[in-house]
Amino acid sequence: MTVLLIGAGRMGSALLKGWRARKIKPVIVVEPKPSAEIRKLARTKAITLVSAPSAVKAKKIAACIVAIKPQILKGEAPSLAAIAGSGALMISIAAGAPVAALQAAWGKKARIIRAMPNTPGAIGKGITGLYAARGATAADKTRADALLSALGQTLWVNREELIDSVTALSGSGPAYVFHLAEAMAAAGVAVGLRPAEAEKLARATISGAGALLAADKSSAAALRQAVTSPGGTTAAALAVLMPELTGLMIRAIAAAKRRAEELR
């Protein structure tokens with residue numbers, strides 16, 4: 001199948017990397033301001049690079065992945081109507097762009113899937129939430145899985161509004177973890193470590209714990225309990241964290257979800 005990628009920024013480039021590893025081709029990329037890496041891929045014929053959707057022959061496209069920012073998509077969506085009308089599966093990874101708005105630009109018969117990946121997809125360790133609009137087929141879902149799993153895991157939700165929840169939890173989630181690393185490093189400095197030492201310890205602890213969480217089938221609660229000796233140092237820290245952290249995270253993710261809803 002010929003895959004059309006609209007936008008080769010950070011997420012689009014991550015998709016390209018994953019597709020090349022999986023030998024998914026041919027790929028046409030629409031990017032008016034390509035990076036040096038994208039230009040190199042075009043020179044070596046790994047992709048076909050064009051500057052606008054008007055340069056693409058719509059009848060050849062099996063799937064079109066729209067990887068541009070929501071504010072740009074609002075203006076550019078109508079230019080993809082011919083591609084959607086040709087029968088291509090349309091996959092949008094733009095937050096705040098509901099199916100109704102996409103259908104207004106692409107037509108009621110457009111087969112649309114919304115996707116919300118996250119930044120660890122850049123190294124194949126992400127997770128993408130997916131929602132198939134009415135009219136998308138089982139084959140469409142299989143194709144979307146094949147394309148988006150290039151970024152890591154996938155998870156389907158059965159209601160469109162849950163894409164906002166996915167955005168709030170996993171789409172924005174890497175920033176929460178990065179902030180935790182910042183906070184742990186600052187706490188390390190506060191108890192006497194040098195900044196470089198504290199940062200190294202915090203980064204390695206979080207990345208190592210994440211790797212263990214991925215490798216071990218035990219629940220997060222069970223893994224936490226395994227580290228926590230009664231009356232020990234971890235228990236002392238958790239006595240401070242646990243009464244606050246869950247409620248704080250619930251409020252934070254609720255705020256992110258509200259903002260995602262406002263962006264529609």
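The values are calculated or read from the model by the stated rules, or taken from the named source; none is laboratory data. All values derive from a computational prediction rather than experimental measurement. Every residue, glycine among them, receives a Cβ derived from its backbone with ideal geometry; neighbour counts consider all protein chains shown.
Residue-level check: of (1) of a type outside the set (Asp, Glu); (2) touching a residue at least 40 places away in the same chain (Cβ under 8 Å); (3) in contact with a strand residue (DSSP E or B) (Cβ under 9 Å, 6 or more places away or on another chain), ALA150 misses just (3).
Residues are listed down the side, and each one gets a yes or a no for (1) in the same structural domain as GLY152 (by TED's automatic domain parsing); (2) under 15 Å from GLU161 (Cα atoms); (3) hydroxyl-bearing (Ser, Thr, Tyr); (4) in a helix (DSSP H, G or I):
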| residue | (1), (2), (3), (4) |
| --- | --- |
| GLN71 | yes, no, no, yes |
| GLU76 | yes, no, no, yes |
| ILE83 | yes, no, no, yes |
| ILE91 | yes, no, no, no |
| ALA97 | yes, yes, no, no |
| ALA104 | yes, no, no, yes |
| LYS108 | yes, no, no, no |
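Within region 110-139, being in contact with a Gly (Cβ under 9 Å, 6 or more places away or on another chain), over 20 Å from ALA84 (Cβ atoms) and outside any strand (DSSP E or B) holds for PRO117, ASN118, THR119, PRO120, GLY121, ILE123, GLY124, LYS125. Are any of the residues in region 230-251 modelled with pLDDT of 95 or more and within 18 Å of PRO120 (Cβ to Cβ)? Scanning region 230-251 turns up no residue that is modelled with pLDDT of 95 or more and within 18 Å of PRO120 (Cβ to Cβ). Considering region 212-264, the residues that are assigned to a helix (DSSP H, G or I) and β-branched (Val, Ile, Thr) include one that is farthest from the chain's Cα centre (by Cα), namely THR233. Candidates in region 153-197 are the residues that are assigned to a helix (DSSP H, G or I) and among the charged types (D, E, K, R); of these, the one that is nearest to ILE123 (Cα to Cα) is GLU182.
Please find, within region 217-264, the residue that is surrounded by the most Cβ atoms within 10 Å (Cβ to Cβ) out of those that are touching a helix residue (DSSP H, G or I) at 6+ places or on another chain (Cβ under 6 Å) and over 30 Å from GLU161 (Cβ atoms). The qualifying residue surrounded by the most Cβ atoms within 10 Å (Cβ to Cβ) is THR228.
Pull up region 117-138, narrow it to residues that are of a type in the set (Val, Ile, Thr) and either in contact with an Asp or Glu (Cβ under 6 Å, 6 or more places away or on another chain) or under 14 Å from GLY173 (Cβ atoms) (or both), then point me to the one that is surrounded by the fewest Cβ atoms within 10 Å (Cβ to Cβ). Out of the qualifying residues, it is THR119.
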